[in-house]
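J.: Quick one: structure below, then a few questions.
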Amino acid sequence: EAQVTQNPRYLITVTGKKLTVTCSQNMNHEYMSWYRQDPGLGLRQIYYSMNVEVTDKGDVPEGYKVSRKEKRNFPLILESPSPNQTSLYFCASSLDAYEETQYFGPGTRLLVL
Amino acid sequence: AQSVAQPEDQVNVAEGNPLTVKCTYSVSGNPYLFWYVQYPNRGLQFLLKYITGDNLVKGSYGFEAEFNKSQTSFHLKKPSALVSDSALYFCAVRDWGSSNTGKLIFGQGTTLQVKP
């Protein structure tokens with residue numbers, strides 16, 4: 001089944017404790033992206049990747065890092081999480097940056113205490 | 001700046017009645033418009049899109065949307081609502097901008113509540 005998977009789905013952590021949220025897609029998509037969803041703000045792009053080893057900042061990149069060593073994986077790294085990073089995170093992918101439809105993972109709900 | 005607005009935080013309809021979820025947009029150039037739905041504890045699911053062509057676009061689960069260029073709107077509609085349609089709906093526009101980042105710009109979301 002074609003899908004985007006994320007792990008973990010739920011995470012509670014404390015301020016400053018490094019964490020990684022994994023994202024994987026099995027559709028051989030070149031383009032991948034991370035969004036965060038906050039009430040009343042919709043989804044905002046954090047980082048995106050056009051292809052392997054090519055990543056760039058979105059609208060809200062502060063406090064996040066990403067890597068794209070393989071085509072299928074695009075982990076989101078929070079080196080020192082803070083409470084304002086408590087949010088619902090979605091990974092998305094599409095065939096390329098010009099492909100109209102992006103496919104979203106199930107989401108990761110993060111609580112930073 | 002490109003933007004999407006969903007003017008209603010919540011829409012309430014009775015089962016069997018028609019529903020409309022509103023969306024307006026502001027973009028430079030030709031808009032690529034999308035509707036996504038989020039069911040509780042689930043990810044975003046693609047419903048439909050408008051790229052070019054017929055202004056009335058049909059999508060999944062009986063939903064359709066009408067693109068209106070003069071009113072810069074892309075309202076989501078369904079002739080007969082089901083209780084199972086209750087969910088959070090997002091309108092989005094593809095941001096081409098000065099360089100193609102592939103970014104989708106989302107509205108703030110509209111909660112649809114369908115009552116039996």
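J.: Which residue pairs have Cβ atoms closer than 6 Å, lie 6 or more positions apart in sequence or on different chains, and pair a first residue in segment B:27-40 that is within 12 Å of chain A (Cβ to nearest Cβ) and within 20 Å of B:Y89 (Cα to Cα) with a second residue that is assigned to a strand (DSSP E or B) and polar (S, T, N, Q)?
T.: As it stands, the answer is B:V37/B:Q45, since those pairs meet every condition given.
J.: Identify the residue in segment A:1-60 that is among the small types (G, A, S) and assigned to a loop (DSSP other than H, G, I, E, B) and, among all such residues, is modelled with the lowest pLDDT. Walk me through it before giving the result.
T.: Pass one, segment A:1-60, residues among the small types (G, A, S): A:2, A:16, A:24, A:33, A:40, A:42, A:49, A:58.
Next cut, assigned to a loop (DSSP other than H, G, I, E, B) only: A:2, A:16, A:40, A:58.
Numbers: A:A2: 81, A:G16: 96, A:G40: 85, A:G58: 90.
By that ranking, first place goes to A:A2.
J.: Of the residues A:Y47, A:Y64, only one is within 11 Å of chain B (Cβ to nearest Cβ), among the aromatic types (F, W, Y) and either surrounded by fewer than 20 Cβ atoms within 10 Å (Cβ to Cβ) or in contact with a Leu (Cβ under 9 Å, 6 or more places away or on another chain) (or both); which?
T.: Only one candidate passes the filter, namely A:Y47.
J.: Can you tell me which residues in segment A:69-84 are crowded, with 20+ Cβ neighbours inside 10 Å and within 17 Å of A:Q45 (Cβ to Cβ)?
T.: A:F74, A:L76, A:L78, listed by residue number.
J.: A follow-up question, please. Check A:L95, A:L113 and return the single one that is farther than 19 Å from B:R94 by Cα and aliphatic (A, V, I, L, M).
T.: A:L113
J.: Say whether the condition of being more than 19 Å from B:L112 (Cα to Cα), polar (S, T, N, Q), in contact with a Ser or Thr (Cβ under 9 Å, 6 or more places away or on another chain) and exposed (fewer than 14 other Cβ atoms within 10 Å of the Cβ) is met by at least one residue in segment B:12-26.
T.: The answer is yes, given that some residue of segment B:12-26 is more than 19 Å from B:L112 (Cα to Cα), polar (S, T, N, Q), in contact with a Ser or Thr (Cβ under 9 Å, 6 or more places away or on another chain) and exposed (fewer than 14 other Cβ atoms within 10 Å of the Cβ).
J.: Check B:T111, B:T52, B:T101 and return the single one that is more than 10 Å from chain A (Cβ to nearest Cβ), of a type in the set (V, I, T) and part of a loop (DSSP other than H, G, I, E, B).
T.: On the way: B:T111 fails: part of a loop (DSSP other than H, G, I, E, B); B:T101 fails: more than 10 Å from chain A (Cβ to nearest Cβ).
Just a single option satisfies the conditions, and that option is B:T52.
J.: Which numbered condition in (1) over 15 Å from A:E100 (Cα atoms); (2) among the small types (G, A, S); (3) exposed (fewer than 12 other Cβ atoms within 10 Å of the Cβ) is the only one that B:G62 fails?
T.: Against the list (1) over 15 Å from A:E100 (Cα atoms); (2) among the small types (G, A, S); (3) exposed (fewer than 12 other Cβ atoms within 10 Å of the Cβ), B:G62 comes up short only on (3).
J.: For segment A:66-79, indicate whether the set of residues that are assigned to a loop (DSSP other than H, G, I, E, B), touching a Gly at 6+ places or on another chain (Cβ under 7 Å), in contact (Cβ under 8 Å) with a residue 12 or more places away in the chain and more than 26 Å from B:V37 (Cβ to Cβ) is non-empty.
T.: no
The values are calculated or read from the model by the stated rules, or taken from the named source; none is laboratory data. Please read all numbers here as calculations on a predicted model, not as lab measurements. So basically every Cβ, Gly included, is an ideal-geometry build from the backbone, and we count neighbours across all protein chains shown.
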